[in-house]
Amino acid sequence: MMYGYEWSGWFGLHWLTMLLGAVVIVLPFWRIFAKAGFSGWLSLLMLIPMVNLIALYVLAFSDWPILRRADTSATA
């Protein structure tokens, strides 16, 4: 039963690595979305393949809410 123990240790390390990778990806995008005026929760879309590309294109080519708010406050 030694093999089962070694396998479960590797399995735990794998998921820990995956969790760390997800945090490394999500945290910067959380800041980017928040600074653009979108909800930071949209950064979780970066974890879903193909959806992350769509979210990046929406972020790149849409009008950012923070800029719209800055324009209305500058004219008021």
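Rundown of residues vs (1) among the aromatic types (F, W, Y); (2) more than 26 Å from M18 (Cα to Cα); (3) under 13 Å from the mean Cα position of the chain (by Cα), yes/no style:
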{"site": "A36", "(1), (2), (3)": "no, yes, no"}
{"site": "G40", "(1), (2), (3)": "no, no, yes"}
{"site": "L44", "(1), (2), (3)": "no, no, yes"}
{"site": "P49", "(1), (2), (3)": "no, no, yes"}
{"site": "Y57", "(1), (2), (3)": "yes, no, no"}
{"site": "F61", "(1), (2), (3)": "yes, yes, no"}
{"site": "I66", "(1), (2), (3)": "no, yes, no"}
{"site": "T72", "(1), (2), (3)": "no, yes, no"}
Among the numbered conditions (1) surrounded by 12 or more Cβ atoms within 10 Å (Cβ to Cβ); (2) in a loop (DSSP other than H, G, I, E, B), tell me where P49 comes up short. (1)
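Every read-out reported here was derived from the displayed coordinates using simple, explicitly stated rules and does not represent laboratory data. None of the values given here were measured: they were computed from a predicted structure. Counting neighbours? That spans all protein chains shown, and the Cβs are built from the backbone with ideal geometry, glycine included.
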